[in-house]
Amino acid sequence: MNDIYILLGANLGNPRLQLQKAKELLSEKIGTLLKASSLYQSEAWGVEDQPLFLNQVLLFQTTYSPHQSLTICQEIENELGRVRKEKWGARMIDIDILYYNDAIIESTALTIPHPYIQDRKFTLQPLCEIANNYKHPKLNVSNEELLLNCIDNLNVVKTS
């Protein structure tokens, strides 16, 4: 079995419902849900002039490979109405693989660990809630240390 950390995000439609549906579909299709962070509301990162986001980090155990897991995540995004128009733009759902065991993968289709983990408080705060001491396999520091050193100044608030 493999541990896979996944970040959910949404800021269009009903984000709370979208995250719930994504969590249910991931549980059905990718593996066993082991941990789920609270929901966090955050200002948009990258393209800032858009509605607030809701985010959540989930930990699953899966038998699928990283690339198979990516395909499943993209299929769920499509099922939930994701339309890819603008990088970092508003979206119905976003499902990102953050970590897969301690793998380091750099391919055209997939980068693990996710390349922006250390730059985004909206990722690090929920990640630290469920995996505070987990070490980033490439940077070799804990998620807690990444959050303490993160220079992202956007507002991130725990909502539930």
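The values are calculated or read from the model by the stated rules, or taken from the named source; none is laboratory data. Computed from a predicted model, the values in this text were never measured in an experiment. Neighbour counts run over all protein chains shown; Cβ positions are idealised from the backbone, glycine included.
The condition (being in contact with a Pro (Cβ under 7 Å, 6 or more places away or on another chain) and among the hydroxyl-bearing types (Ser, Thr, Tyr)) is satisfied by just one residue among Tyr100, Tyr134: Tyr100.
Among the residues of region 29-43, those that are touching a residue at least 60 places away in the same chain (Cβ under 8 Å) and not aromatic (Phe, Trp, Tyr) comprise Lys35, Ala36, Ser37, Ser38, Leu39, Gln41, Ser42, Glu43.
Keeping to region 117-133, report how many residues are buried (at least 16 other Cβ atoms within 10 Å of the Cβ) and without any contact (Cβ under 8 Å) to a residue 40 or more places away in the chain.
4
Within region 123-156, the only residue that satisfies the criterion of being modelled with pLDDT under 95 and either assigned to a strand (DSSP E or B) or of a type in the set (Phe, Trp, Tyr) (or both) is Val156. Would you mention how many residues in region 112-122 are of a type in the set (Val, Ile, Thr) and either outside any helix (DSSP H, G or I) or touching a His at 6+ places or on another chain (Cβ under 6 Å) (or both)? The qualifying residues number 1. I want to confirm something. Restricting to region 88-112 and keeping residues that are surrounded by 21 or more Cβ atoms within 10 Å (Cβ to Cβ) and over 11 Å from the mean Cα position of the chain (by Cα), which single residue is farthest from Met1 (Cα to Cα)? Restricting to residues being surrounded by 21 or more Cβ atoms within 10 Å (Cβ to Cβ) and over 11 Å from the mean Cα position of the chain (by Cα), the top hit is Arg91. A single entry from Ala109, Ala103 fulfils the requirement of being of a type in the set (Gly, Ala, Ser), out of contact with any Cys (no Cβ under 6 Å at 6 or more places or on another chain), modelled with pLDDT of 95 or more and outside any helix (DSSP H, G or I): Ala103. If I filter region 3-10 for residues that are more than 12 Å from Ile93 (Cβ to Cβ), modelled with pLDDT under 95 and assigned to a strand (DSSP E or B), do I get at least one hit? Scanning region 3-10, I find no residue that is more than 12 Å from Ile93 (Cβ to Cβ), modelled with pLDDT under 95 and assigned to a strand (DSSP E or B), so the answer is no. From the list Gln68, Gln41, the lone residue that is at pLDDT 95 or above and in contact with a Ser or Thr (Cβ under 6 Å, 6 or more places away or on another chain) is Gln41. Determine whether Ile76 is modelled with pLDDT under 95, under 16 Å from the mean Cα position of the chain (by Cα) and surrounded by 20 or more Cβ atoms within 10 Å (Cβ to Cβ). Here the answer is no, as Ile76 does not meet what is asked.
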